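Remarks on the structure that follows.
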Amino acid sequence: MAAAETFSITTPIFYVNDAPHIGHAYTEVAADVLARWNRQSGRDTWSLTGTDEHGQKILRTAVANGVTPKEWADKLVDEAWVPLLKTIDIANDDFVRTTEVRHESVVQAFLQKLYDTGFIYDGEYEGFYCVGCEEFKQQGDLVDGAGEFDGQWVCPIHGRPVEVLKEKNYFFRMSDFQQRLLDLYESQPDFLQPDSVRNEIVSFVRRGLDDLSISRQSFDWGVRVPWDDSHVVYVWFDALLNYVSALGWEPTADAPAFERFWPSNHIVGKDIARFHSVIWPAMLMAADLPVPRRVFAHGWLLVGGEKMSKSKLTGIAPSQITEVFGSDAFRYYFLRAINFGQDGSFSWEDLSARYQAELANGFGNLASRVVSMVGRYCDGILPPATEVTEAEERIHAVLASAVARAEAAMERFAIHEALAAIWTVVDELNGYLTEQEPWKVAKDEERTARLHTILYTAAEGLRALAVLLSPVTPQATQKLWRALGAESALGSLTDQRIPDAGEWGQLPAGAVVSPMEGLFPRIEQEATV
Ligand code: MSP
């Protein structure tokens with residue numbers, strides 16, 4: 001038997017200098033929806049997230065708070081980053097921390113391998129460094145400071161002056177990989193998406209690559225360089241290796257999880273696309289390992305036209321949203337309202353409006369009406385559809401086309417397009433009920449067969465919607481699945497296969513439909529501000 005197709009996906013690992021805001025949660029949710037979708041499409045799926053705990057940024061935060069960096073990292077992981085996963089309902093398979101022995105040992109083994117094969121040499125670094133980005137900067141990357149930073153070079157992302165470094169460092173021969181990287185972008189166009197980011201990276205690499213400083217000597221919060229313990233490994237070189245350390249890669253032994261799931265798909269913000277599409281594949285090429293399957297760079301959540309960030313005090317905690325609207329609405333909203341791959345502005349008004357129109361009135365109300373009509377007119381037993389007309393055939397066709405379009409969009413990680421395709425079924429079913437008026441048909445005893453057909457059609461449409469939306473709104477669809485009697489008739493919701501969702505007639509007549517609380521309850525307006 002052929003092995004099942006695999007799908008593995010990662011988020012960036014998050015700096016633990018501060019607690020998460022909704023920009024971080026956005027990355028998590030996108031990767032989680034893609035993982036759940038692929039798992040329900042029958043692929044052998046694995047998803048990874050975690051935390052990035054070394055480097056100067058964390059060290060300085062810990063010192064400022066009067067604790068050791070490890071104490072600081074432990075506190076933030078336990079109190080903020082792991083709880084985030086529950087807040088937004090993430091079903092990750094693993095959580096990697098860069099301070100774990102399983103990770104640190106891989107960093108050392110990988111580095112040693114590159115050193116032994118001549119890809120690392122010692123030299124002197126003289127230049128700029130942004131601690132916010134944890135990145136060595138070229139002068140062309142920087143802007144002139146103004147106000148309190150007048151006369152200094154400033155990082156455009158963090159708005160703060162860069163530091164001038166002069167240190168003995170080890171260097172990675174990244175410049176050797178310029179042509180191989182250009183060949184990769186050329187031969188595998190979906191390696192790096194969207195096209196806007198791909199074009200930017202291609203022209204960056206065409207301009208030529210410098211070797212990369214991969215160690216630091218002036219502080220010690222990091223993984224020791226194995227052959228010279230006066231250096232620690234540069235935090236990005238360390239962090240990128242999480243993607244293979246979590247899979248148990250080893251230079252000399254078999255690593256079954258690595259064999260099974262590598263290469264992964266990486267979801268990253270556009271600010272860190274360069275690390276993932278230049279440095280990371282070059283590191284892998286040097287170690288003779290396959291490059292990632294795909295790097296997809298999403299846009300930023302903006303506040304007042306700028307990247308939302310805690311340091312600029314524009315960060316909103318995810319729980320501020322989930323406590324009012326719930327985790328399903330959080331997940332749905334950001335993936336529906338923002339084209340995945342582009343920037344998007346967050347506003348409470350837009351969230352509130354979409355919640356009301358699309359989730360509460362569109363999907364939630366449709367589900368409540370159908371479930372309660374089957375209760376009222378058929379004693380909670382799903383009737384058969386015996387009088388199929390053009391109106392019903394249209395529903396079947398809209399559903400089949402929505403499934404095909406959603407699948408194609410998800411293949412390209414165009415999550416917003418997939419949701420828009422699925423929503424055509426919500427809209428079509430709402431229109432169908434308005435047109436067919438089952439509440440009027442119910443008054444005419446001679447038209448029972450017609451009434452039954454309408455109710456069956458609406459309930460079966462909801463069955464398909466529950467399957468298609470379960471990766472995005474797992475809580476609400478689970479409630480709906482139970483209320484439709486689908487759990488007993490068809491098995492658990494997450495075992496349903498997305499490619500089969502459009503096959504009409506799966507919910508059997510006779511299924512026991514039970515009362516259901518509202519999927520998306522009314523929100524008191526004042527609570528949202
Ligand atoms: N630790 C590095 C990643 C190492 S991966 C080997 C890092 N961490 S981070 O915590 O600063 O950012 C993690 C992710 O959150 C990045 O993909 C970043 O783009 C994303 N976001 C941070 N602010 C964001 C917004 N305002 N909007 C959308 N995503 C944002 O970088």
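Between residues in the stretch 246-262 that are on the phi > 0 side of the Ramachandran plot and residues that are in a loop (DSSP other than H, G, I, E, B) and surrounded by 13 or more Cβ atoms within 10 Å (Cβ to Cβ), which pairs lie under 7 Å by C-beta distance while being six or more apart or on different chains?
Close Cβ pairs (under 7 Å, with a partner that is in a loop (DSSP other than H, G, I, E, B) and surrounded by 13 or more Cβ atoms within 10 Å (Cβ to Cβ)) amount to GLY248/ALA255.
At least 1 residues that are more than 16 Å from the ligand (Cβ to nearest atom) in each: list the strands (runs of 3 or more DSSP E) lying fully within the stretch 1-118 that qualify.
6-15, 44-52
This table checks each residue for (1) surrounded by 12 or more Cβ atoms within 10 Å (Cβ to Cβ); (2) away from the ligand (no atom under 16 Å from the Cβ); (3) modelled with pLDDT of 95 or more.
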{"position": "ALA146", "(1), (2), (3)": "no, yes, no"}
{"position": "VAL162", "(1), (2), (3)": "yes, yes, no"}
{"position": "ASP176", "(1), (2), (3)": "yes, yes, yes"}
{"position": "LEU181", "(1), (2), (3)": "yes, yes, yes"}
{"position": "PRO194", "(1), (2), (3)": "yes, no, yes"}
{"position": "ASP211", "(1), (2), (3)": "yes, yes, yes"}
{"position": "TRP249", "(1), (2), (3)": "yes, no, yes"}
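Working only within the stretch 249-299, note down all residues that are within 20 Å of ALA35 (Cβ to Cβ) and among the small types (Gly, Ala, Ser).
Hits for the stretch 249-299 are ALA257, SER264, GLY269, ALA297.
Filter the stretch 2-38 down to residues that are more than 23 Å from ALA406 (Cα to Cα) and not hydrophobic (A, V, I, L, M, F, W, C) and give me whichever is surrounded by the fewest Cβ atoms within 10 Å (Cβ to Cβ).
Of everything passing the filter in the stretch 2-38, ASP18 is surrounded by the fewest Cβ atoms within 10 Å (Cβ to Cβ).
What is the residue count in the stretch 169-204 for residues that are of a type outside the set (Lys, Arg) and under 23 Å from GLN342 (Cβ atoms)?
Of the residues in that region, 17 qualify.
Looking at ALA253, is it within 15 Å of the ligand (Cβ to nearest atom) and not polar (S, T, N, Q)?
Spelling it out, it is not the case that ALA253 is within 15 Å of the ligand (Cβ to nearest atom) and not polar (S, T, N, Q).
In the stretch 266-302, which residue that is part of a strand (DSSP E or B), within 14 Å of the ligand (Cβ to nearest atom) and of a type outside the set (Val, Ile, Thr) is surrounded by the most Cβ atoms within 10 Å (Cβ to Cβ)?
So, considering only residues that are part of a strand (DSSP E or B), within 14 Å of the ligand (Cβ to nearest atom) and of a type outside the set (Val, Ile, Thr), the one surrounded by the most Cβ atoms within 10 Å (Cβ to Cβ) is HIS298.
The values are calculated or read from the model by the stated rules, or taken from the named source; none is laboratory data. On a predicted model such as this, the values are computed, not experimentally measured, just so you know. Virtual Cβ from ideal backbone geometry, glycine too; neighbours counted across all protein chains shown.
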